[in-house]
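The values are calculated or read from the model by the stated rules, or taken from the named source; none is laboratory data. Since the structure is predicted, the reported quantities are computational estimates derived from the model, not experimental observations. Heads up, the Cβs are rebuilt from the backbone with ideal geometry, glycines too, and the neighbour counts pull from every protein chain shown. Protein only, heavy atoms only, side chains kept; ligands, DNA and RNA dropped before computing areas. Shrake-Rupley method; radii C 1.70, N 1.55, O 1.52, S 1.80 Å.
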Amino acid sequence: MKNFVVTTSHKPDKEQIMKAQELAESLGTIYVPRKRLKETNVDFYYVVERNRLSIKWPGGEFFFHPSSAVLRMRNIKSGQKDYLIEVLQPKGNEIVLDTTFGLGGEAILMAAFLPEGKVVGLEGSIHIYTVVKYGIEHFETDVKWLKEALKRIELYYANFKDYIRKQPAESFDVVYCDPMFENPVYESSAMNPLRPFAVYDTVDEEDVREMLRIARKKVILKSHVKDSLFKRIKVDELKGSKKSGVVYGVIYKR
Ligand SMILES: C[S@@+](CC[C@H](N)C(=O)[O-])C[C@H]1O[C@@H](n2cnc3c(N)ncnc32)[C@H](O)[C@@H]1O
């Protein structure tokens with residue numbers, strides 16, 4: 001999926017057209033008025049709606065929604081444990097680097113437990129970054145914890161492999177990394193629209209050494225039990241769900 005343009009929803013206002021033109025320029029493509037979209041032969045297209053930015057393609061759509069964070073928070077509030085929050089053990093003032101931001105579900109959940117801290121997120125796919133950054137900045141909600149958590153997130157377009165090597169030692173309390181699974185869980189429907197645009201880098205020992213160098217407390221890695229990550233990388237602690245096969249590994253800073 002490579003060829004794309006930027007358009008608006010039907011009957012756009014002037015502001016939408018301007019936004020679409022600016023976005024097209026910043027992404028190095030062209031703006032196509034909605035009425036002329038049929039004439040263009042593209043793999044996908046951005047749609048600038050009034051309060052939303054999405055990417056559409058035949059049979060699919062990708063847009064930001066914090067639904068996975070909302071669901072996990074609901075479970076936590078009803079007394080269930082969440083393995084990520086359990087291994088994070090937040091005091092509330094930590095600065096967490098989320099090296100693989102994706103849809104931001106886990107970053108939002110972590111940020112909710114950091115009233116005095118923040119989450120710095122990195123996303124290496126320009127399309128995921130563009131849609132999710134817009135979504136985080138424009139999402140409207142009356143849910144207080146979510147509103148506050150969204151404000152405690154900073155998102156950057158960067159490949160974590162380059163970024164972590166440029167940071168001074170101990171610049172973050174916790175470094176979190178959730179690369180794409182080698183064995184995708186297609187039932188995880190929230191992730192499915194992101195898959196065509198995702199970066200599929202693997203995490204190696206050198207990356208983990210760099211993550212530990214820039215962390216003050218710990219590095220948390222996420223993987224699927226069937227994947228090779230925890231066979232290749234030694235961790236101090238593993239926590240996760242046998243049912244889903246999703247596990248979090250923690251390496252403490254010594
Ligand atoms: C499994 S998803 C993360 C999901 C995220 N934890 C959430 O709650 O939505 C992995 C994301 O990391 C991104 N990614 C993979 N390798 C990366 C890299 N080297 N640098 C930055 N982002 C990367 C992918 O494009 C994808 O969006």
Considering residues that are free of Cβ contacts under 8 Å to residues at least 40 places away in the same chain and open to solvent by 30 Å² or more (accessible area, probe 1.4 Å), the number found within segment 202-235 is 11
Would you point out the residue of segment 143-173, among those that are open to solvent by 70 Å² or more (accessible area, probe 1.4 Å) and in contact with a Ser or Thr (Cβ under 9 Å, 6 or more places away or on another chain), that is nearest to residue 251 (Cα to Cα)? 157
Restricting to segment 186-226, what's the tally of residues that are in contact with a strand residue (DSSP E or B) (Cβ under 7 Å, 6 or more places away or on another chain), part of a loop (DSSP other than H, G, I, E, B) and within 14 Å of the ligand (Cβ to nearest atom)? 1
Going through 96, 47, 70, 120 one at a time, which residue ends up being buried (at least 16 other Cβ atoms within 10 Å of the Cβ) and away from the ligand (no atom under 13 Å from the Cβ)? 47
Of the residues in segment 70-83, those that are in a helix (DSSP H, G or I) and in contact with a helix residue (DSSP H, G or I) (Cβ under 6 Å, 6 or more places away or on another chain) number 1
Restricting attention to segment 107-117, and to residues there that are touching a Leu at 6+ places or on another chain (Cβ under 9 Å) and open to solvent by 20 Å² or more (accessible area, probe 1.4 Å), which single residue is farthest from the ligand (Cβ to nearest atom)? 113
Residue pairs qualifying under the 6 Å Cβ cut-off, at least six apart or on distinct chains, with the first in segment 236-250 being within 12 Å of residue 88 (Cα to Cα) and the second being among the basic types (Lys, Arg) and in a strand (DSSP E or B), are 248/222; 248/239; 250/218
Within the set of pairs 6 or more residues apart or between chains, which connect a residue that is free of Cβ contacts under 8 Å to residues at least 60 places away in the same chain inside segment 8-28 to a residue that is of a type in the set (Asp, Glu) and surrounded by 11 or more Cβ atoms within 10 Å (Cβ to Cβ) with Cβ atoms less than 9 Å apart? 8/49; 9/49; 12/49; 16/49
